[in-house]
Every structure is written in C-alpha cells, then in structure tokens.
Amino acid sequence: TDLNAFIDGLPKAELHLHIEGSLEPELMFALAERNKVAIPFDSVEAVRAAYDFSNLQDFLDIYYAGANVLLTRQDFEDLAFAYFQRAAADNVRHAEIFFDPQTHTDRGVPFGVVVEGLIAGMDRAKAELGVTSGLILSFLRHLSEDEAFATLEMARPYLHHFVGVGLDSSEVGHPPSKFQRVFAAAQAMGLKLCAHAGEEGPPEYVWEALDLLHIDRMDHGNRSMEDPALVRRIVAEGMTLTVCPLSNHKLCVVDDLKDHPVPEMLRQGIRVTLNSDDPAYFGGYVNENYRQLAAAVGLTREQLTLMARNSFAGSFLDDAAKAERI
Ligand code: HPA
Ligand code: ZN
C-alpha cells in the first residue's frame, strides 16, 4: 500500500535491538554446523515452530539457548552484519544495539571476542552500508549486582566502544533498585543509561528506573500508562521510550495489537519510538513493526514521521549529528 511505501521511505534509527535476538534460524543452523555445537532442533521450520511464547520467560529460555552457537569473533561479526543488512533494507540509518555479555562470558567466550566481533560487524556496516551504530552493554537482571560489577570491570579496556549500559532479562522480581550502584558507576565512566522497565514489571519499577537509576532512555515502558502521575513525569522529562509492538504481542504484553498503547502514549505527549527488540524471534524487523502497528491501530503519516524523528532525537548521537539527520 501507499502507507507501507511511506514507512519504507522514512529514514529511521533503531534504539531497541538485542543483537542476539537478531539470530535467524538459518544462521543458527549454519553456526551450529561451523562450530560443531548441538542444537535441540531438526530443522529451521522446527525452530520457528518453537517460537510460540506466552510470556517473557518463555522467550528468554529459548533465546539464551539459541545464543549457544555463538563462539568466535567471526560469529559475532556475521551476526551483527546480518542484522545491519536487514536494517539498511528498512532504511535504518543509525542503530544503538544491545548485547548481553554475561550470556557469553558465562559460557567461557571471552568478553573481548564478543566485543571485537560485534565492532567488526558495525565497522563493516558503516563502510559498506553507510549505517552508523553504537553498542550498549546490557546487564542481565536475573543475575546479581556483583556479577554486573564484574562485567563492567571486563568492559573497562573496551570502554571507548560503548555508548551506554542497559538492563534486560527477567523483570519481575528484579527491580531497578537492585542495580543502583552499578548504574551510578557506569554513569561515572561516562556511559549513557537505559533500562527495560514496565514491560511485565509494575509502574513502581518504572519510577525506580527514573529516580534510582537516573536513566537517559526507557526500554518498553508500557505499564507506565497505568499511572497518570508517572506519565506526567515521563512527558515532563522528555523521556524517550523505545517501544516494540511485535515483541509486546508475541510475549503477550498486549493481547491484541489493536489494543497497543502507542496511540495513547502519543496523545499524552510521550516521545515514542518503534523498534524490533528481537526480530528473529518476534516476526519482523523495524518496518514490519511500523506496518503492523499502523494497520492495527490506524496511525497517520504525521504520527509515523514523528516517531521516526523521535528515533534520531532520542538517540545518543551528539547534537550536531542529530541536527544533520532529523
Ligand atoms: N525484555 C527483557 N529482556 C530481553 C528482551 C526483552 O524484551 N529481549 C532480550 N532480552
Ligand atoms: Zn528488549
């Protein structure tokens, strides 16, 4: 349709993308073969059939298992470059991508192998596709704050490669307050701060992300809509939310895409961006998120344009770089 062509043509930034979540089943099989790693599936079709989730934890169990095929610097480079090729096809001009170092270091893959591989893929994306990017080190919130501190120490020699830190994995039972000290340490190291908040967790967790972690950007944020005072705070701060419609639907954060909170978020003046989260698992890259949400809730060109502009405005690019791109 015309609207889909319009979406395809919008220049955009992607701000909520887990690089491990861009591992397509075809590449999973190829890496399993290359590395002689066993995977619990017979075929690509069997992998896709297993991607039927009723909550966040269902997904995380299979997502961490999938990451077992990633072992070498080349694997991480291939993973990253494959994402950037798909992103470039969606007219993504800039991406700030999460990676979960603990998922790899806890399996014996050295921190430097992961980072150097991802950076090689990002450098290739810049050179061959013209897509710029930044790397965000995300702590696994189901692990301890001490383990997050140990990860931050591993990151120190590679600090110039990172734009920020994030907080992901199982939300309920692992509130932001658990990571208050390590976020303060990351900020003191000059890193920007993001956290997943209000995906499955209650509005109280979103307040904690703002008041205790002092985040610069909020990932998901859906359940903020339950608390009018919290919405006012988010609007007053000009906080950017990285919303992920297909993820929300696949993980049953929303039962029906027609009931997605994005239109209400926009009405209330929240700086919303649209993102793919874990596109290999949730059924589409960023343009598919724009298209399916627009079809379900009826977004206007003005709203779509605003969210694409928000994606550059809410990025961690410096002001001069933003001014060039918005
Ligand atoms: N939520 C929490 N942790 C995650 C996600 C998510 O959507 N994707 C990858 N890790
Ligand atoms: Zn996420």
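Which condition number does residue 248 fail, the rest of (1) in a loop (DSSP other than H, G, I, E, B); (2) buried (at least 22 other Cβ atoms within 10 Å of the Cβ) being met?
Going through (1) in a loop (DSSP other than H, G, I, E, B); (2) buried (at least 22 other Cβ atoms within 10 Å of the Cβ) one by one, residue 248 breaks only (1).
Given the condition outside any loop (DSSP other than H, G, I, E, B), within 22 Å of residue 99 (Cβ to Cβ), in contact (Cβ under 8 Å) with a residue 24 or more places away in the chain and out of contact with any Phe, Trp or Tyr (no Cβ under 6 Å at 6 or more places or on another chain), answer yes or no: does some residue in the stretch 258-276 qualify?
Yes - at least one qualifying residue is present in the stretch 258-276.
For a quick check of your reading of the model, give me the residue pairs whose first member lies in the stretch 117-138 and is closer than 22 Å to residue 167 by Cα, whose second is of a type in the set (S, T, N, Q) and surrounded by fewer than 22 Cβ atoms within 10 Å (Cβ to Cβ), with beta-carbon atoms closer than 7 Å and at least 6 apart or on different chains.
These pairs meet every condition: 117/74.
Going through 271, 233, 301, 291 one at a time, which residue ends up being basic (Lys, Arg) and closer than 30 Å to residue 50 by Cα?
291
Among the residues in the stretch 29-49, are any in contact (Cβ under 8 Å) with a residue 60 or more places away in the chain and surrounded by fewer than 20 Cβ atoms within 10 Å (Cβ to Cβ)?
Within the stretch 29-49, not a single residue is in contact (Cβ under 8 Å) with a residue 60 or more places away in the chain and surrounded by fewer than 20 Cβ atoms within 10 Å (Cβ to Cβ).
Scan 182, 235 and give me the residue that is among the β-branched types (Val, Ile, Thr), surrounded by fewer than 20 Cβ atoms within 10 Å (Cβ to Cβ), part of a helix (DSSP H, G or I) and more than 16 Å from ligand 2 (Cβ to nearest atom).
Numbers: 182 fails: surrounded by fewer than 20 Cβ atoms within 10 Å (Cβ to Cβ).
Only one candidate qualifies: 235.
Of the conditions (1) part of a helix (DSSP H, G or I); (2) under 19 Å from residue 316 (Cα atoms); (3) within 17 Å of the chain's Cα centre (by Cα), residue 160 clears all except one; give me its number.
(3)
Residue by residue, here is whether (1) within 21 Å of residue 275 (Cβ to Cβ); (2) in a loop (DSSP other than H, G, I, E, B) holds:
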position: 8; (1), (2): yes, no
position: 17; (1), (2): yes, no
position: 39; (1), (2): no, yes
position: 42; (1), (2): no, yes
position: 47; (1), (2): no, no
position: 54; (1), (2): no, yes
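For the stretch 14-35, name all the residues that are of a type in the set (Gly, Ala, Ser) and away from ligand 2 (no atom under 16 Å from the Cβ).
30, 32
Give all pairs with beta carbons closer than 6 Å in which a residue from the stretch 1-26 that is more than 16 Å from ligand 1 (Cβ to nearest atom) meets a residue that is assigned to a strand (DSSP E or B); count only pairs at least 6 apart in sequence or on separate chains.
Pairs that qualify, where the first residue is more than 16 Å from ligand 1 (Cβ to nearest atom) and the partner is assigned to a strand (DSSP E or B), are 11/93; 12/92; 13/94.
Read-outs throughout are calculated quantities, based only on the coordinates presented, and are distinct from any laboratory measurement. What you see is a predicted model, and the numbers here were worked out from it, not measured in a lab. Positions of Cβ are generated from backbone atoms using ideal geometry, with glycine treated the same way; all protein chains shown enter the neighbour counts.
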